[in-house]
Amino acid sequence: MELRLTLPPVADMELVAVRAADVVGRAIGLDRDQIEAVGVAVAEAFLNAVEHGGGREVEVRVLEECWKDGSRALVVEVEDRGPGFDPERGPKRRPMGRLKRRGWGLRLMRELVDELQVESQPGRTVVRLCKRREADG
């Protein structure tokens, strides 16, 4: 199963991306906690793409991957056409007393999914989120 969405960078469109991840996650058998964790990560990736993507549409790809060990995974890719950034630098570290509502981006996503990959260059950034469902048996 694969869904491809081209979404405008406007309020609440992240909810469309989250819903698509929910549908595919349920189809492959992720539990509610896993689906909710992925949803938060997808929303954060989408909002980052809107914020840093230069006002252009955001491409979202949601799919199931089957791995050799028999496990399945929900994969969500969020792509923007912004200026890019250096993923190796990561987020700015803030002292605990100076936490803000936003700015958790990559750190938060990394905590919520099993695998996070970021490819970025001027004109294109892709954030790839992966949540595995272990093989039965």
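Numerical summary
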{"read-out": "Dimensions in Å of the range 2-133 - Rg and Dmax from alpha carbons", "value": "14.5, 45"}
{"read-out": "Angle in degrees between helix 32-52 and the longest Cα principal axis of the chain, rounded to the nearest 10", "value": "30 degrees"}
{"read-out": "Förster-model FRET efficiency, 22 Å R0, residue 67 and residue 16, C-beta, rounded to 0.05", "value": "0.20"}
{"read-out": "In nm, spacing of pseudo-spin labels at residue 27 and residue 86 (7 Å Cα→C-beta vector)", "value": "4.0 nm"}
{"read-out": "Degrees between helix 13-28 axis and first principal axis of the chain (Cα, 0 to 90, nearest 10)", "value": "20 degrees"}
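Every number in this text was worked out from the coordinates using simple rules, so none of it is lab data. Because the structure is a prediction, the values reported are computed rather than measured. So basically every Cβ, Gly included, is an ideal-geometry build from the backbone, and we count neighbours across all protein chains shown.
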